[in-house]
Amino acid sequence: MKRGVTVLACVSALAVAGYFAMAKWGIQHESREFFDAERQRPITVDVAVRQDYEMKANAGLWRLPVAIISNGNTVKNTEYSFLANVFAARGYLVASVQQDLPTDPPLVTDVGQPYVGRLGVYKKGEANILCVLNEMKKRHPNADYAHLTLVGHSNGGDTAMYFAKEHPNIVSQVVTLDNLRVPFVIRDKLKILSFRSDDPQFKTDPGVLPSQVGKKSGIDIIKTEFQHTWMSDRGPYTARERIQATLDKYLGGDATSELAPADTDNLIVNNAAAALP
């Protein structure tokens, strides 16, 4: 048994080392500053792309799928490299958007209002993403902007879900890490993967999680033992590694792998050990 655990630990370490190597040698990260003239608002974006896939796209041999990552409240857009590298390694063009500025008003909760008073925050995030997409199209014309993947942690996850609701024709997939306010979008051909924390300080609002999950609904929910704040680069190595592995297999569509998301046809997963490697 001990030998098996040791082998698994070694394999996991090698997998993460592989991602590190990809980030260092194959995946290019570049910070860009965009400006929304209509709102007079600067938008900082970390763009990640695997260089060989970008070369293929420029040669007309590959069309880069696009993933947009939205940060959680008080977390920087550059603190989701563990997610950006998984997408980039799979051939995605990734834009991690800094959704909030130091000059923005503080995030407040107003019970009884739409999304507990945060509708304006999600509309701001929506406008940020639209601006980023317009700028990205100029710089990366060989990418697929008609089938977006929206990703977000906490408040960023709610922003991603809100954008998917408002722009159904261009969003094909949503990945959230413990979004708490905006209900899951239920519609045909939209795939959702959501990692949920086990954190008493961060409770999901009623009605956010769907009643039906699994292959038929296109929704996979992975319950973990992680804290809400662990779901960024600030989190411990084990949490980031396990989320990486599950996300990677989810994107690869390998349903037979031990690292694939748990089968949630009949119920929301409540055993993190079974859901995550």
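The values are calculated or read from the model by the stated rules, or taken from the named source; none is laboratory data. Only a predicted model underlies this, so the values are computations on that prediction, with no experimental measurement involved. Positions of Cβ are backbone-derived with ideal geometry, glycine not excepted, and every protein chain shown enters the neighbour counts.
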So which residues in the stretch 139-161 are part of a strand (DSSP E or B) and either farther than 20 Å from Val49 by Cβ or at pLDDT below 95 (or both), if there are any at all?
His153
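Can you tell me which residue among Thr229, Thr246 is of a type in the set (Val, Ile, Thr), farther than 19 Å from Thr204 by Cβ and at pLDDT 95 or above? Walk me through how you get there before you give the answer.
Working: Thr229 fails: farther than 19 Å from Thr204 by Cβ.
Exactly one residue qualifies, and that residue is Thr246.
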Sole exception among (1) in a loop (DSSP other than H, G, I, E, B); (2) surrounded by 15 or more Cβ atoms within 10 Å (Cβ to Cβ); (3) modelled with pLDDT of 95 or more; (4) out of contact with any Leu (no Cβ under 7 Å at 6 or more places or on another chain) for Thr264, by number
(3)
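In the stretch 89-123, which residue that is assigned to a helix (DSSP H, G or I) and aromatic (Phe, Trp, Tyr) is farthest from Asp36 (Cα to Cα)?
Quick first cut of the stretch 89-123, residues assigned to a helix (DSSP H, G or I) only: 89, 114-117, 119-123.
Filter again for aromatic (Phe, Trp, Tyr), leaving 115, 122.
On the way: Tyr115: 25, Tyr122: 16 Å.
Per the stated criteria, the residue is Tyr115.
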Of all residues in the stretch 90-110 being aliphatic (A, V, I, L, M) and modelled with pLDDT of 95 or more, the one that is farthest from His153 (Cα to Cα)
Leu93
Any residue in the stretch 182-203 that is in a loop (DSSP other than H, G, I, E, B) and hydroxyl-bearing (Ser, Thr, Tyr)?
yes
Of the residues in the stretch 204-230, those that are of a type in the set (Gly, Ala, Ser) and assigned to a loop (DSSP other than H, G, I, E, B) come to Gly207, Ser211, Ser217, Gly218
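Among the residues of the stretch 162-177, is any acidic (Asp, Glu), buried (at least 18 other Cβ atoms within 10 Å of the Cβ) and part of a helix (DSSP H, G or I)? Walk me through how you get there before you give the answer.
Taking the stretch 162-177 first, the residues acidic (Asp, Glu) are 166.
Now drop any that are not buried (at least 18 other Cβ atoms within 10 Å of the Cβ), which leaves none.
Within the stretch 162-177 (the criterion being acidic (Asp, Glu), buried (at least 18 other Cβ atoms within 10 Å of the Cβ) and part of a helix (DSSP H, G or I)), the answer is no, since none of the residues qualifies.
Here's the yes/no breakdown for (1) part of a loop (DSSP other than H, G, I, E, B); (2) more than 14 Å from the chain's Cα centre (by Cα); (3) modelled with pLDDT of 95 or more:
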{"position": "Ala13", "(1), (2), (3)": "no, yes, no"}
{"position": "Ala23", "(1), (2), (3)": "no, yes, no"}
{"position": "Val45", "(1), (2), (3)": "no, yes, yes"}
{"position": "Ser81", "(1), (2), (3)": "no, no, yes"}
{"position": "Phe87", "(1), (2), (3)": "no, no, yes"}
